[in-house]
1. Can you tell me the FRET efficiency between residue 164 and residue 80 if r is taken as the Cβ-Cβ distance and R0 is 25 Å, rounded to the nearest 0.05?
2. Assuming R0 = 41 Å, what is the FRET efficiency of residue 374 and residue 92, from their Cβ-Cβ distance, to the nearest 0.05?
3. Roughly how many Å is it from the Cα centre of segment 220-253 to that of segment 356-383, as a whole number?
4. Work out, step by step, the length gained on full extension between residue 208 and residue 187: first 0.36 nm times the residue separation, then minus their alpha carbon distance; give nm to one decimal.
5. Compute the semi-axes of the equivalent ellipsoid of the chain, taking the square root of 5 times each eigenvalue of the Cα gyration tensor, and list them largest first in whole Å.
6. Taking a ≥ b ≥ c as the square roots of the eigenvalues of the Cα gyration tensor of segment 334-393, is the shape rounded (a/c under 1.5), prolate (a/b larger than b/c) or oblate?
7. Between residue 48 and residue 385, 0.36 nm times their residue separation minus their Cα-Cα distance comes to what?
8. From zero outward in steps of 5 Å, how is the percent of C-alpha pairs of segment 88-132 spread across the bins?
Amino acid sequence: MSAGTLDTEPLQLRSLIWPVFAPMALYGTGAGAAAPMYAWRALDLGASAGMAGLIVALGGLGMVLADLPAGRIVARIGERAAIGVGSVLGTVGVLAAIFAPNLVVLAVGLLLNGAAGAVWGLARQTYLVSVVAPDQRGRAMSTLAGSHRLGFFCGPFLGAALVHGMGPVGALWLQLVTTLAAAAAMVAIRSSEIGDPAALRPVHTVLSENRRVLGTLGLAAVAVGAARASRTALLPLWAAHLGIDAATTSLLFGLAGAVDVLMSYPAGVWLDRAGSRVTGTACGICFALGYAVLPFTGSVLTMGAATMLLGLANGLSNGLIMTVGAYAAPPDRRAEFLGAWRLTHDVGAFAGPVAVGLVGALAGLAAAGALMAFGIGLGALAMYRWFPARPVVVPPGLIKPRDPVDSN
């Protein structure tokens with residue numbers, strides 16, 4: 001039996017609440033509290049606004065560097081052990097960020113955090129693809145993402161109290177505790193049967209065999225990754241530009257997270273019923289509008305409205321990329337393919353904040369917002385062009401981009 005397959009009947013979503021979804025919510029709580037504080041941590045260590053954006057982007061670089069190795073790790077040792085590896089990386093990364101005496105150590109911590117996220121994320125996705133029926137994958141993936149975002153919603157509110165008393169590192173301590181607790185909770189999952197290590201293919205072979213999917217559907221994944229990740233770089237910096245303090249910034253992220261969480265399960269139902277093209281195009285348009293109006297905000301109220309519009313867009317994208325990747329994955333190379341598939345999204349997650357930092361440093365943060373609006377607008381066109389038109393239940397691995405003559 002290949003890695004990533006279980007010789008069992010598909011599991012119902014409710015049976016995954018405690019072993020998968022609850023730990024994800026816990027993990028997301030720490031991530032949500034810490035996300036807007038990494039930029040503030042960089043500012044505290046003497047970084048400029050542009051440099052802070054670049055340092056935050058290193059979390060995305062860590063994910064990019066680890067995505068392909070993560071596929072091989074999961075295929076070789078299974079999901080449970082891979083989660084252990086990711087937890088160790090995440091723990092070391094958060095500790096480095098907490099005690100960083102300078103920007104170099106903070107940068108290393110963010111790289112390790114990104115690598116941990118890549119391993120954790122791939123292990124969870126591979127497990128769900130293995131145990132959930134194909135016609136429920138949209139709901140399963142959106143519930144997984146929604147669990148993380150529920151925690152992401154709660155995290156900033158819990159983090160705000162800690163930030164008020166301890167400064168930005170207070171939120172990082174919360175992330176450390178929740179990472180360890182979530183890792184302990186995930187030991188209950190049953191790993192897929194491990195495949196033959198000798199059968200694993202080289203990274204360049206995996207990329208070559210799937211170049212058409214990665215070069216078409218993957219373009220949309222790049223855009224979505226950039227739009228999602230850039231929020232944590234651009235929004236705190238814009239808040240600081242407007243004179244909004246760190247605690248209020250954390251609360252704004254929490255309000256946006258509320259919108260995000262409310263859209264989680266509906267987004268999954270929409271994915272299963274309306275398809276990924278409709279869902280993806282809608283989320284791309286909302287992202288573009290949110291970034292386009294951000295430079296015109298000048299107060300807590302108006303920035304809050306733009307932040308919540310971006311939260312709505314993020315909610316609509318809930319589970320979107322994971323679901324498309326699940327259908328595209330060849331059953332006999334699932335973990336390896338999904339590592340390459342996640343790479344497309346995570347390249348965007350790295351490139352987006354880098355673009356925010358560079359453009360912010362050279363032309364100002366307003367120009368960075370305009371650039372993000374343009375980029376995700378192109379991504380919406382890519383999703384309309386290449387994502388499947390209707391939610392057709394097909395065997396994994398048979399999905400392919402729409403041909404130019406397809407009018408569906």
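Read the figures in this text as sums done on the coordinates, not as results from a lab. Source: prediction; values computed, not measured. Note that we place each Cβ from the backbone using ideal geometry, even for glycine, and neighbour counts take in every protein chain shown.
1. Details: r = 38 Å, r/R0 = 1.50.
Plugging the Cβ-Cβ distance into 1/(1 + (r/R0)^6) gives 0.10.
2. On the way: r = 37 Å, r/R0 = 0.91.
FRET efficiency, residue 374 to residue 92: 0.65.
3. After rounding, the separation between the Cα centres reads 13 Å.
4. On the way: separation 21, 0.36 × 21 = 7.56 nm, distance 3.45 nm.
Going from the current span to full extension adds 4.1 nm.
5. Details: eigenvalues 195, 116, 72 Å².
Equivalent ellipsoid of the chain: 31, 24, 19 Å, largest first.
6. Working: a/c = 5.32, a/b = 1.69, b/c = 3.14.
It is oblate, given that a/c is not under 1.5 and a/b is not larger than b/c.
7. Numbers: separation 337, 0.36 × 337 = 121.32 nm, distance 3.94 nm.
Here the answer is 117.4 nm.
8. In whole percents, the pair-distance histogram is 5, 25, 23, 14, 12, 9, 6, 4, 2, 0.
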